[in-house]
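Heads up: the structure comes next, in structure tokens.
Just so it is clear, none of the values below were taken in a lab; they were calculated from the coordinates. Remember, it's a predicted structure, so these values are computed and weren't measured experimentally.
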Amino acid sequence: MDTPPPQSEAKPFAPVPAPIQRPDGIKHIIAVISGKGGVGKSTVSANIAASFAILGNTVGLFDADLTGHSQSMLFDTHTSIESMLKKHEPADCCGVKVASFGFLYPDAKTVIWRGPMISNGIKALFGQTNWGELDYLIVDLPPGTSDAQLTVIRDIPIDGGIVVTTPDPLAASVAERGLVMLSELNKKILGVVENMSAGVCQACGDALRPFGSGAGKKLAEKYGVAFFGTVPLSLELHDAVESRKPVVLKYPDSPASKSFFQITDALKKSLP
Ligand SMILES: Nc1ncnc2c1ncn2[C@@H]1O[C@H](COP(=O)(O)OP(=O)(O)OP(=O)(O)O)[C@@H](O)[C@H]1O
Ligand SMILES: [Mg+2]
């Protein structure tokens, strides 16, 4: 049998002291978190960032997911390791400045790192990036409540977090742990988004609720925090992902985009 390939060509970053100072010129830093995987954190992050850009704001998007990075795939853009790692420039994605490990370790160059290396990598990429003047910087977190999340919440100067869940009570009960983590680390829970809510059956036009409904609103009510709204299951969104554009840019009139614009508006109003 063939011997397996070496685990990774990825090199760890040089040690970064914690915590990271708030970069001058960034007005709001907002984390998008969930204890649960696959509920749409990256989708929500990309579309909130793009919605803010459409509204004329200067926006950054930091993909803090070292192993499951998605933002380099969600936008049709390329940048070089030279540009991101040596010149410290984020990629320009339709008016959103994006820094993602996906630009550094593309394709199947899997990063197989232990906890301290993960934390250090997140701090390094965040801290070294020339974000410039930003109205909003959105931070897309990996799922769970361990090293990576602790690093972002404790060592990066976020103002608060948005919690994402699907309408399914099981998903919400796991998503809730992200919310509790924010609260226990004394960060503001800005609000809850329920993604993959009712869709529409293409054949009969009836509402489809494969994951039920209401768990996001219930979660917000349980903790007395804002409910920013629902995002429907959306074929347009799926199509937009295939063409590497946030749905708010590709299909701005779609129901999913309208939801993202409303959620972004609610988020904006919740900030000081
Ligand atoms: N409203 C939606 N309608 C249709 N598909 C969606 C919707 N939201 C997300 N998806 C799809 O569901 C999948 C998971 O979404 P996404 O990657 O944003 O979740 P995530 O929470 O960031 O996952 P992870 O925990 O792995 O980081 C993706 O394929 C995405 O395109
Ligand atoms: Mg993700």
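Just a few scattered comments:
- Cα gyration tensor category, rounded, prolate or oblate, for the chain with a/c compared to 1.5: rounded
- Set of aspartates and glutamates near residue 217 by C-alpha distance (under 13 Å), chain-local residues within fewer than 8 positions excluded: 168, 176, 194
- Gyration tensor (alpha-carbon) shape descriptor, region 3-162, a/c threshold 1.5: rounded
- Given 109/268; 245/268; 86/268, the pairs whose alpha carbons are separated by over 26 Å: 109/268; 86/268
- Bridges between two residues of the chain, per DSSP, are antiparallel at a rate of about 15%.
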